[in-house]
1. Condition check: open to solvent by less than 40 Å² (accessible area, probe 1.4 Å), acidic (Asp, Glu) and either touching a helix residue (DSSP H, G or I) at 6+ places or on another chain (Cβ under 6 Å) or modelled with pLDDT under 95 (or both). Does Glu86 satisfy that?
2. So Asn44 ticks every box in (1) in contact with a strand residue (DSSP E or B) (Cβ under 9 Å, 6 or more places away or on another chain); (2) open to solvent by less than 40 Å² (accessible area, probe 1.4 Å); (3) of a type in the set (S, T, N, Q) but one. Which box is left unticked?
3. If a residue must be in a loop (DSSP other than H, G, I, E, B) and surrounded by 14 or more Cβ atoms within 10 Å (Cβ to Cβ), how many such residues does the range 89-103 contain?
4. Answer yes or no: is there a residue in the range 392-400 that is closer than 29 Å to Gln200 by Cβ, among the acidic types (Asp, Glu) and without any contact (Cβ under 8 Å) to a residue 60 or more places away in the chain.
5. Give me a count of the residues in the range 297-310 that are under 19 Å from Arg266 (Cα atoms), in contact with a helix residue (DSSP H, G or I) (Cβ under 8 Å, 6 or more places away or on another chain) and free of Cβ contacts under 8 Å to residues at least 40 places away in the same chain.
6. May I ask you to list the residues in the range 428-451 that are touching a residue at least 24 places away in the same chain (Cβ under 8 Å) and among the charged types (D, E, K, R)?
7. Of the residues that sit in the range 385-412 and are open to solvent by 50 Å² or more (accessible area, probe 1.4 Å) and in contact with a helix residue (DSSP H, G or I) (Cβ under 9 Å, 6 or more places away or on another chain), which one is nearest to Gly433 (Cα to Cα)?
8. On the given criteria, is Arg128 basic (Lys, Arg), under 17 Å from the mean Cα position of the chain (by Cα) and part of a helix (DSSP H, G or I)?
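The values are calculated or read from the model by the stated rules, or taken from the named source; none is laboratory data. Given the structure is predicted, the values throughout are model-derived calculations rather than measurements. Don't worry about glycine lacking a Cβ; one is built from the backbone with ideal geometry, like all the others, and counts go over all protein chains shown. Just so you know, the surface numbers come from the protein's heavy atoms only, side chains and all, with ligands and any DNA or RNA stripped out. Shrake-Rupley method; radii C 1.70, N 1.55, O 1.52, S 1.80 Å.
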Amino acid sequence: MYEFAVTPAVTQIRRRGVEIGEVVAGSLGAELELEAGDRIMRVNGRVVRDYLDFRFHTAGETELTIDVRKRSGEDWELNIERDEAEDFGFNFEQIVPRQCANECLFCFCKGNPETARPSLFVRDEDVRLSFLYGNYTTLTSITEDEMRRVIEQRLTPQYVSVHATDLDVRAYLLGVDKKRADISAKMQRLMDAGIDIHAQVVLCPKINDGEVLRRTIYDLAELHPRVSSVAIVPLGLTRYLNDPRLTAVTPEFCRQAIREVSAMQRDLRARLGTTFAFLGDEIYLKAGRAIPSRKHYGDYPQIEDGIGMVRNFTNEFKALTRVLARKPGGLARPSESALFGTIMTGTLFAPVLRKMIDRLNRRFGTQLYVEAVRNEYFGGDVSVAGLLTGGDFLKARERARGNLVIIPRATLKSDEEVMLDGVTLGELQRNYGVPVHALDFAELARMLCPR
């Protein structure tokens, strides 16, 4: 659909406009005789590059002139009057990500096996996806047009991979020169325009830890509240990412990081009223340390980066058990074997989940078992649940007990029931011979406590 040219990290879009993917019957779009495959070219004379442009240019407008290129090649000009809140009733093609031109030492794309799906090798560096989905960008190659767009369209917050404020270290980690590594003026311009930033540090032993990390945290704290938070997550190595410049994260390294960052967190809470710099759950789990309290995380500003996810899950699970305890008859089960099954998760989270499920079993008579699944697809020190693949689950098949299996929903694509290695949920179910459910916590709660 699109062609790419990266010079550096600049996407040249060959097709103009944004393509309509589906039109809802009976909607305004259907009334205008728009169809899937038609392209919106302009709104009120302004060029439309993607669906964010369309939404921005149409927001609050009741009188519109829309230029359309029909899939037949015919050009239409539509003059529309609508109620301010009236929806057009169509959706658009997905945004094709702008490509990254950095050569980060730790880039996870370098850790994929050669047989991985082509989409796993796409290194995105796109401020639109940062706004929409929390994808991180480095801002090293952001263009003037993109800067203006973020500010004009209020694409806030932005998620920025800082890694280090020491420019020598940042340039080394990103594989770029110091001039490109310096994004201080770009960040300041965004913040001056009211754009909030959530920063990230991928913590690499012997490179950006220790005093470099301390300087990074305090440099970013000086920019609070526009820099709202910093997520500090550990380097992840697969068997395919074996750059000799990288050192594996060990339990002792994690314990040291906790000691050092905890002191800074206490200071920052006193100064800023917020923890501000958050360590990833993986660091606490690898260190064998307790996950901090709910209060520590505030409004969970970077939970999707694995910051406070375990605490949130734990608290929600406790709330669920209280609901079950108050429910007449306890846990509703259609039959004695209805909740006899296996929950499969990554080796890092399995010990935590097993304790919770064991308590549930003892209290409510369920027969649920937690199995830790080793990630053999990526290997290395990859142990998080979301990176497990169909092949990993198939190798654990003999350990499944009961009449159902539950796997983390995070192992599937957001828009398709397929895992990182291309194995589908249907294939997994056929091999297991019992229903296989991909659930997040809310879905698991509904299974345990149907209304």
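1. no
2. Unmet for Asn44, out of (1) in contact with a strand residue (DSSP E or B) (Cβ under 9 Å, 6 or more places away or on another chain); (2) open to solvent by less than 40 Å² (accessible area, probe 1.4 Å); (3) of a type in the set (S, T, N, Q): (2).
3. Going through the range 89-103 one residue at a time, the tally reaches 9.
4. Yes, the range 392-400 contains a residue that is closer than 29 Å to Gln200 by Cβ, among the acidic types (Asp, Glu) and without any contact (Cβ under 8 Å) to a residue 60 or more places away in the chain.
5. Selection size over the range 297-310: 3.
6. Across the range 428-451, the qualifying residues are Asp440, Glu443.
7. The qualifying residue nearest to Gly433 (Cα to Cα) is Arg397.
8. Yes, satisfied.
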